[in-house]
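For reference, the structure discussed in these notes is given below.
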Amino acid sequence: MNDYQTEQWNALLLASQLLIEIGAPEVDRLKREISPYLAFRDQVDRFLKAHFGAHCNQSCYANSRSACCSKDGIIVFWADVVINALNSDEAQLDDLKQALQNPLMGRKCTYLGQQGCRWQVRPLGCAMFLCDPVRDRVFQADKGIEAQWTAIKKKAQDFRWPDKPVLFDYLEVYFMEMGGRSTLMHINNSPGLLRVKRQAGVSCPSLRRTP
Ligand code: SF4
């Protein structure tokens, strides 16, 4: 495994281990807490399917180009890993381990499989990615769609951008307070994101509080 895969591997193993450690009732509680985020992700998927599905299929999927799923190019957050783990069974998590050890397409994202992405809930960064050519084509044809996308992007920030208490920070702090440490805990590792929190006066939520 290369450095990127090793980093992902460590985060996946740690998240799986900590979710076992907290036990089923707490896992159920976390699942309830992420449910607004999953509803948002459904909204994103519906929007993309309605307005971009045909374009993406034509420009990328049909010819296996998958230009957006580039090798080691996706910034994955700890919360992405946890949310996906909460929505995966053991076999699905094993499939991700397999993808990290033996990627199917060496020149593409390690997680790309025959049927597309092997995550159950793709990282937010992937879900929100639109390539320039397709985005320009769709937005130029309909400014209303562009306005909808702007609103969706703003909503995505409400889950991840830490200028206020957000789910992604909460899921980092929750597991940090158990002693978990991952380089994917960007909100509490990245000097830039720590500065955003500091300037906004956001303090970390504590372990048993909801975001
Ligand atoms: S994680 Fe999934 S959606 Fe994101 S780049 Fe990799 S294969 Fe594509």
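Taking the number of Cβ atoms within 10 Å of each Cβ as an exposure proxy, the fewest-first ranking of Ser88, Ser70, Ser182 is Ser70, Ser88, Ser182. Calculated [222 nm] ellipticity per residue, helices only, for the chain: -19500 deg cm²/dmol; basis is -39500 (n - 2.57) per DSSP H run with n ≥ 4, divided by all residues, nearest 500. Of the residues Ala151, Ile83, Phe47, the one whose Cα sits farthest toward the positive end of the charge dipole of the chain, with +1 on the Cβ of Lys and Arg and -1 on the Cβ of Asp and Glu, is Ala151. Short-range pairs are left out: with C-alpha atoms under 8 Å and at least six residues apart, the relative contact order of the range 3-200 is 26 percent. Placing unit charges on the Cβ atoms only, positive for Lys and Arg and negative for Asp and Glu, gives the range 3-200 a dipole magnitude near 700 debye about its Cα centre.
For q values of 0.07, 0.08, 0.09, 0.14 Å⁻¹, compute log₁₀ I(q)/I(0) with the Debye formula on a Cα-only model of the chain, without solvent. Computed log10 I(q)/I(0) values: -0.22, -0.29, -0.37, -0.92. In terms of the mean number of neighbouring beta-carbon atoms within 10 Å, the peptides 150-157, 184-191 order highest first as 184-191, 150-157.
Cross-link partners for Lys31 among the lysines, with Cα-Cα distance under 28 Å and sequence neighbours closer than 8 places in the same chain left out: Lys49, Lys97, Lys153, Lys154, Lys155, Lys164, Lys197. Taken over the Cα atoms of the range 82-191, the convex hull encloses 158 Å³ per residue. Applying a length cut-off of 18 Å (Cα extent along the axis) and a mean Kyte-Doolittle floor of 0.0 to the DSSP H helices of the chain leaves 3-22.
Ranking Ser16, Gln120, Ser203 by how far each Cα lies toward the positive end of the dipole of the chain (charges on Cβ) leaves Ser203 at the top.
Coordinate-derived values only; no laboratory data. Worth saying up front: this structure is predicted, and the values here are computed from it rather than measured. All Cβ positions, glycine included, derive from the backbone under ideal geometry; neighbour counts span all protein chains shown.
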